[in-house]
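The values are calculated or read from the model by the stated rules, or taken from the named source; none is laboratory data. Everything numeric here is computed off the predicted structure, so don't read it as measured data. FYI the Cβ positions are ideal-geometry reconstructions off the backbone, even for glycines, and counts take in every protein chain you see.
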Amino acid sequence: MKGLKFVVIGGGSSYTPELVEGIIKKRDTLPVSELILVDIEEGREKVEINYNLVKRMFKKEKMQTKISFTLDRKEALKGADFVLSQFRVGRLEARARDERIPLERGFVGQETTGAGGFAKALRTIPVILDICKDIEEVAKDAWLINFTNPAGIITEAVNKYSNVKVIGLCNVPINMKYDAAEELGVSAEKIRTEIMGLNHLSFVTKVMLNGENKINEILKGSKLDGKDTMKNIEKIDDFEEYNKKIGLISSPYLQYFFFPDKMIEKELKNIKDGKGTRAVQVMKIEKTLFEKYKDVKLDIKPKELEERGGARYSEIAINLIDSIYNNLNNEYVVNVVNNGSIVDLPENVVVEVNCIVNNEGARPLHMGHLPKSVKGLIQQVKSYEEYTIEAAVEGNREKALIALINNPLVRNVDKAEELLEEILNQNKKYLSNFFKED
Ligand code: G6P
């Protein structure tokens with residue numbers, strides 16, 4: 001069997017041991033012969049710590065996989081079969097700004113939705129497109145498995161502006177499936193969920209068990225808030241009640257859209273109580289994690305990693321790759337080009353839907369119309385996403401403003417103009433596109 005070469009961009013991420021655990025678990029069907037962790041100078045210390053931990057994890061399991069780390073991305077990418085992207089431009093400091101700037105102006109401050117997600121997209125799109133240029137040159141047949149947030153927007157940018165084969169991933173759909181199974185008292189393998197929408201804006205529309213749709217039964221007694229699996233989102237009590245009204249199980253991220261004021265209140269309270277926004281909390285978790293990772297006796301993924309929001313990230317990533325490599329035709333919910341799957345959205349945009357995955361990639365199933373109760377919201381957010389991508393690629397301030405006005409968590413032109421200026425100025429270092437004349 002020819003071994004596979006995996007390259008992880010953002011190898012210094014604290015999620016790396018999670019991914020490696022997945023590689024180890026799938027060793028019988030997924031022969032990874034080489035794993036390279038790539039990072040940039042600022043991430044050198046972390047990537048080196050991860051490299052040493054992964055070496056110990058492989059040794060414990062008697063894995064033959066060659067492991068290395070490097071700051072030379074293009075060299076690493078040569079001949080890669082799978083490129084996994086989990087990097088964060090500007091690190092957690094930038095995330096903290098993304099959360100704080102909107103909050104200071106009365107808007108939701110979240111890393112992937114609203115104005116925070118917008119800022120993250122502007123910083124990330126130029127970088128991912130640069131990475132894609134390298135992949136096109138030295139690994140044109142490789143699959144890019146994108147976990148970098150905002151995952152849907154980034155995947156769409158890659159699709160629209162490069163020739164790289166890409167699939168976008170998120171752990172929310174699989175977590176929603178596990179939650180639904182738990183609610184029914186069965187194991188997740190027993191049920192089939194249908195999920196449609198956009199990344200971090202998706203909805204379970206069907207939960208099939210033995211040929212019957214159990215969604216109403218689940219909604220009736222529901223505690224489906226993702227609180228066990230989504231460590232990064234605080235829960236709003238009325239969320240389930242609203243889910244019952246619309247007859248859908250909404251992604252926990254929908255709390256930002258359905259209850260923005262309450263979410264802002266929670267965020268401000270965390271700041272007042274000294275807990276800080278999520279980025280500040282994650283900085284503390286990361287510090288503990290990397291201290292653990294340094295321990296030469298540690299040779300497994302430590303339990304503390306479960307404090308992060310990315311639970312089951314590796315399960316979905318590795319299963320997806322397994323299904324591509326072994327041509328399994330398994331069904332997963334991933335981010336791919338719509339191509340008519342959701343008829344109420346343009347053909348060329350990226351959506352999060354059930355797909356059949358094999359060695360040709362992920363083919364979306366025909367999902368039909370969006371539920372009427374959330375159709376307008378999804379369409380509006382998609383417009384925001386499309387404008388955000390164009391703004392980032394062109395460095396276009398007008399399109400950036402139109403993007404924010406289309407974002408239901410921003411809207412107001414006067415305030416959005418000020419917000420945009422602040423976001424651009426505070427991210428100047430990463431946004432050369434927007435500051436060409438300076
Ligand atoms: C969930 C989301 C990811 C996000 C993560 C944040 O898993 O699906 O997109 O990156 O939460 O978790 P964190 O621990 O960084 O707040």
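General observations
- The stretch 281-296: number of residues that are within 13 Å of the ligand (Cβ to nearest atom), of a type in the set (Asp, Glu) and out of contact with any Ser or Thr (no Cβ under 8 Å at 6 or more places or on another chain): 0
- Positions within the stretch 155-172 being under 21 Å from Gly114 (Cβ atoms) and out of contact with any Gly (no Cβ under 7 Å at 6 or more places or on another chain), in sequence order: Glu156, Ala157, Cys170, Val172
- Taking the criterion of being touching a residue at least 40 places away in the same chain (Cβ under 8 Å) and among the polar types (S, T, N, Q), the residues of the stretch 392-438 that qualify are Asn407, Gln426, Asn427, Ser432, Asn433.
- Looking at the stretch 337-438, the helices (runs of 4 or more DSSP H) lying wholly inside it that each contain 2 or more residues that are closer than 17 Å to Ile153 by Cα and not hydrophobic (A, V, I, L, M, F, W, C) sit at 372-394, 397-406.
- Scanning the stretch 138-165 for residues that are β-branched (Val, Ile, Thr) and assigned to a loop (DSSP other than H, G, I, E, B), we see that the one that is surrounded by the fewest Cβ atoms within 10 Å (Cβ to Cβ) is Val164.
- Subset of the stretch 183-197 [in a helix (DSSP H, G or I), free of Cβ contacts under 8 Å to residues at least 40 places away in the same chain and either crowded, with 22+ Cβ neighbours inside 10 Å or over 22 Å from the mean Cα position of the chain (by Cα) (or both)]: Leu184, Glu189, Lys190
- Residue that is surrounded by the fewest Cβ atoms within 10 Å (Cβ to Cβ) [pool: residues in the stretch 16-38 that are among the acidic types (Asp, Glu) and within 19 Å of Tyr313 (Cβ to Cβ)]: Glu21
- Yes/no for Arg95 being in contact (Cβ under 8 Å) with a residue 40 or more places away in the chain and either touching a strand residue (DSSP E or B) at 6+ places or on another chain (Cβ under 7 Å) or surrounded by fewer than 24 Cβ atoms within 10 Å (Cβ to Cβ) (or both): no
- Residue under evaluation Val164, criteria (1) within 16 Å of the ligand (Cβ to nearest atom); (2) touching a Cys at 6+ places or on another chain (Cβ under 6 Å), criterion not met: (1)
- Cβ pairs under 6 Å, 6+ apart, first in the stretch 297-312 and under 10 Å from Asn232 (Cβ atoms) and within 12 Å of the ligand (Cβ to nearest atom), second assigned to a helix (DSSP H, G or I) and at pLDDT 85 or above: Glu307/Ile285
- Annotation: of all residues in the stretch 254-280 being in a loop (DSSP other than H, G, I, E, B) and away from the ligand (no atom under 16 Å from the Cβ), the one that is surrounded by the most Cβ atoms within 10 Å (Cβ to Cβ) is Phe259.
- Inside the stretch 288-332, residues that are part of a helix (DSSP H, G or I) and either under 20 Å from the mean Cα position of the chain (by Cα) or closer than 15 Å to Pro17 by Cα (or both) make up a count of 24.
- Taking the criterion of being on the phi > 0 side of the Ramachandran plot and not in a loop (DSSP other than H, G, I, E, B), the residues of the stretch 80-137 that qualify are Arg91, Gly114.
- The stretch 231-253, residues that are within 16 Å of the ligand (Cβ to nearest atom) and assigned to a loop (DSSP other than H, G, I, E, B): Lys231, Asn232, Ile233, Glu234, Lys235, Ser251, Pro252, Tyr253
- Residues satisfying the stated conditions in the stretch 210-230, i.e. modelled with pLDDT of 85 or more and not in a helix (DSSP H, G or I): Asn210, Gly211, Glu212, Asn213, Lys214
- On the stretch given as the stretch 98-120, residues that are within 13 Å of Val280 (Cβ to Cβ) and either surrounded by fewer than 20 Cβ atoms within 10 Å (Cβ to Cβ) or within 14 Å of the ligand (Cβ to nearest atom) (or both) total 5.
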